[in-house]
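One structure below.
Rule-based calculations on the coordinates, nothing more; no lab input. What you see is a predicted model, and the numbers here were worked out from it, not measured in a lab. With ideal geometry, Cβ positions are generated from the backbone for all residues, glycine too; neighbour counts draw on all protein chains shown.
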Amino acid sequence: MASSSSSSLSRVVVKSSDNNLFVVNKKVASQSQLLKQCIDNMEEKGTNDVILIPLSNVTSNILTLVLEYCEKHADFADDDNNNQELKQWDHEFLKKFDYATLNSLTMAADYMVTKSLLNLCCQFIADSIKDLTVQQIRQIFDIKNDFTPQEEADIKNENAWAFR
Amino acid sequence: MELRSRKFRRKNADWSNLPDELLEIIVNFLKYNGTDYGRFRAVCKKWRNSSPPLSNFLNVDFPREILTYSGRSLHIISYVVCILYPLTQNHNDKNPRHWIISMEEFRKLKMCHPLTDDPIGANNSPKSINSLDFGYRIVDFGVKLRFAESVNDVFCSEGPPKCRMSHWKDNPAKTKSILLKNEGVVMVLLLQLKGALGTFRVNGKLKFNEYCSDCLFDDIVEYKGGVCAINPPGAAWLIKDVEREGCPFSFSQKLSKFMPKLEFTEERQKRKRLAVHDGELYMIVRVSCKFVVFKLNEELGEWERIYSLGDKILFVTYDKCIFVETCYLLGCKGNCILFPKHCFPSVGRGRDHYEDDALLQGAKKPLEIGVFRMGDDSYQLVSSYPELSKLFWPPPSWLWSGSCYSRCMSSEEDEKTASCGDIGSESSSVNQIITNFSQHMKNGKVAEDPSPSSGQKHTTVEDTEYLKFVAEAQFENNGNSVPAINSPHEITDNLATENNFQRTDVSLDLVQHMPSLKQVGVDSPLPVTSSIKIALDSEALEKFQEIGVSSEWIPVLQKIWDKHGNIIERHVVHSDGLLTWALESLAKMVIILQENTGDSLKISQAEYLNSTLADLQMMHFRLDWLVPFIERALAIHKSQWQKNVMMDLETRKSKLLAELHELEEQMVQQEKLVAESLINSALSVLAKGLAEGLF
């Protein structure tokens, strides 16, 4: 019973927080551990209905991006030799977004447990910090300086590296 | 269906409230770079509390301590070769310079020259730098083994056992260590023991297991999870099973056959060197006339010679070869090799034939670097390439503030300070040198005052810039602008004035050109170069006019004497060594003049002619017959150089014109598009609200 039902389930429907429906190939969906878990649970129960997974925390425009990523990575899931092309794609993928989108995407990747996307986002954030001053980092990430003068002085001391 | 519930902000992105686990992932990407990590933690409270303060600047994992059986503790310390760059552009500094240095960390940081590993001044450099203001890009990472109390690497401070011949003893790097992370093993190549190889475990007590003493290697690098070692004939072996005992040839994989034969034969084989870049293995070979680079073709198991390095520069140090992409090096052209002197020692017995001496002669210490261009197989001094030499010296002004400079100007006396060519030096010792200098002039009873030429002779273009740089740094404090020192003549004028500050600078400049002045002492307070020593060591000295001179120069000198008589009868030199040097230099100058047309004279040669002539004149050699020839050569050289500059400017102009043209075309296109879109959108809608007629 379980085996027959699993073969019949090739697609799932994902609902975004603003009530848009996305039909997703199972292979693509399983890039997200959260979706995969849901599918596995349903299959164990032996449901033959179409599975609907509501994601209350992801808006449709962010979900589109996550699914775009999953689709690309599902294509490469079987052959790990194509890494170079995929890396290039990953690199280009994140470049397109502003920092607000990047934030939502990172949160969505975390929420949907898409580990490789989460890592990619975090690395991208880390890289974008690399060539910026503290002031500039606060600017692009829209963060307020909430340190007291005493803390500021501590930070300055901590970052003065002594030479022999 | 139960989904994980967490507060999720949908609207405005709030970066200061990222969940801890996400911040942790981000921090993991930053923790191997002290400046990045420091700045991350300085952004806001939440980010700061997400990660512990960094105990080490370069690498969180080092230094690490290991106990030896004698109870002494051994430390594995980390060092990096890195490019420092400013984060914000100073408004005065349109083209912020990058600086390449090597840093090692053992309780404190130590800055070293990236190629020679000489410490970069203890006195003149800042006592600390604010790491929030700059970034660094690591181009190479390595480990060294130290006892706490020693500055030497562990296996060379033990001293080689007497039964075994010491080897390459002039090479500054005595050992080379590689830490294999997943194995927890350090592999050590003992260069001073002919290249014997051994390992020890990082965990537990230090026990060094040497492989068999017959298997000797020239170099090792980390490669494909193991260690690739190369033996003197050029066969590469991959040692994966590092903890095995016995002969490595028996349990390692052979990667390549011997090095292919080259079209030129070398009397003495030199040490072969390895490099890894982008997962590819390279072998670098030096023959006296050029560098030869091979790349491993693993399928065929052969070394394939490559004739171009593409957009890469190869930095050769005494223990490593490092490829760096030119995109990190701000305006430097690739396809060349940078090397310090004698970095490829010969394998056999006896004294090395040092071909680098002539090339690097007269270069000041931090810039004693040769550049080999792969394109045309040419050797030049690094100072011939301003953009390359700026990578090394002087330190960029943005790194520390003007106040540090005033401190270093009055720092204590230190032998090293002068010999390292550092910025700072104690003013009284400098004055003493000046005094010695002028006294010598008086003793010589000269009619014409040679001091203007002495001020002038060493002042090359880069020195002028260097003086400018120091002057600016000095004045930064007051916020005053400084009149730029533009020409050597102006500097000479300044020397004549009693302006103390300017005088200090000029004399510093002299110090740099007389590295061994202090050792030689009052006996001969004149420029002495390393060639003296070599000439004295040499057995091939013959007597010419009762002065020892290497035999190869005698025919030239004889001709000079035949034509112009005894031109040194009025000389004022006390030391025989100096006379030897002087006569040989004279012969060299004549040969340079004979061998070159005006066009072929290199910058280094022109500088050599200029400065040596001044030196010899100061010794009161009679050179009136030679001066016109040198002046003519320099004049031709100068005009040639100016022609080149002109050509450069013209190329730049045409490039800019092309860009301008392109831009204009784009603007025309864009105008068209704007017009079209205006027409397409109904004009009536533009005037009214956008939603007009919607309902």
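Remarks
- When the residues of the stretch B:208-230 are filtered to those that are among the aromatic types (Phe, Trp, Tyr) and not in a strand (DSSP E or B), the one that is surrounded by the most Cβ atoms within 10 Å (Cβ to Cβ) is B:PHE217.
- Some residue of the stretch A:87-109 being farther than 25 Å from B:PHE29 by Cα, of a type outside the set (S, T, N, Q) and out of contact with any His (no Cβ under 7 Å at 6 or more places or on another chain): no
- The residues in the stretch B:27-58 that are in a helix (DSSP H, G or I), within 7 Å of another protein chain (Cβ to nearest Cβ) and either free of Cβ contacts under 8 Å to residues at least 12 places away in the same chain or over 31 Å from the mean Cα position of the chain (by Cα) (or both) can be counted, and the count is 3.
- Among the residues of the stretch B:38-88, the one identified as among the aromatic types (Phe, Trp, Tyr) and surrounded by fewer than 18 Cβ atoms within 10 Å (Cβ to Cβ) is B:TYR69.
- Any hit, the stretch A:113-126, residues being within 14 Å of chain B (Cβ to nearest Cβ), outside any helix (DSSP H, G or I) and over 19 Å from B:GLU24 (Cβ atoms): no
- Residue list for the stretch B:584-638, restricted to those being within 30 Å of the chain's Cα centre (by Cα) and under 18 Å from B:GLU569 (Cα atoms): B:GLU584, B:SER585, B:LEU613, B:ALA614, B:ASP615
- Filtered by the rule that a residue be farther than 16 Å from A:LYS115 by Cα and either of a type in the set (Asp, Glu) or assigned to a loop (DSSP other than H, G, I, E, B) (or both), the stretch A:58-104 gives A:VAL58, A:THR59, A:ASP75, A:ASP78, A:ASP79, A:ASP80, A:GLU85, A:GLU92, A:LYS96, A:PHE97, A:ASP98.
- Residues within the stretch A:98-129 that are under 17 Å from the mean Cα position of the chain (by Cα) and free of Cβ contacts under 8 Å to residues at least 12 places away in the same chain, tallied: 8
- When the stretch A:145-164 is filtered for residues that are more than 7 Å from chain B (Cβ to nearest Cβ) and of a type in the set (Asp, Glu), the ones remaining, listed by number, are A:GLU151, A:GLU152, A:ASP154.
For (1) among the aliphatic types (A, V, I, L, M); (2) touching a residue at least 60 places away in the same chain (Cβ under 8 Å), each residue gets a yes or a no:
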| position | (1), (2) |
| --- | --- |
| B:VAL324 | yes, yes |
| B:CYS336 | no, no |
| B:PHE372 | no, yes |
| B:GLY375 | no, yes |
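- The stretch B:600-639: number of residues that are aliphatic (A, V, I, L, M) and free of Cβ contacts under 8 Å to residues at least 12 places away in the same chain: 1
- Residue satisfying all of: in the stretch A:87-112; buried (at least 17 other Cβ atoms within 10 Å of the Cβ) and either touching an Asp or Glu at 6+ places or on another chain (Cβ under 9 Å) or closer than 28 Å to B:TYR136 by Cβ (or both); nearest to the other protein chains (Cβ to nearest Cβ) among these: A:ASN103
- You will find that of A:VAL13, A:VAL23, the residue that is in a strand (DSSP E or B) and loosely packed, with under 13 Cβ neighbours inside 10 Å is A:VAL23 and no other.
- Of everything listed in (1) free of Cβ contacts under 8 Å to residues at least 60 places away in the same chain; (2) within 10 Å of chain A (Cβ to nearest Cβ); (3) of a type in the set (Asp, Glu), the single unmet condition for B:ASP61 is (2).
- Lone unmet requirement of (1) more than 19 Å from B:PHE40 (Cα to Cα); (2) at the interface with another protein chain (Cβ under 7 Å from one of its Cβ atoms); (3) touching a residue at least 24 places away in the same chain (Cβ under 8 Å) for A:ASP142: (1)
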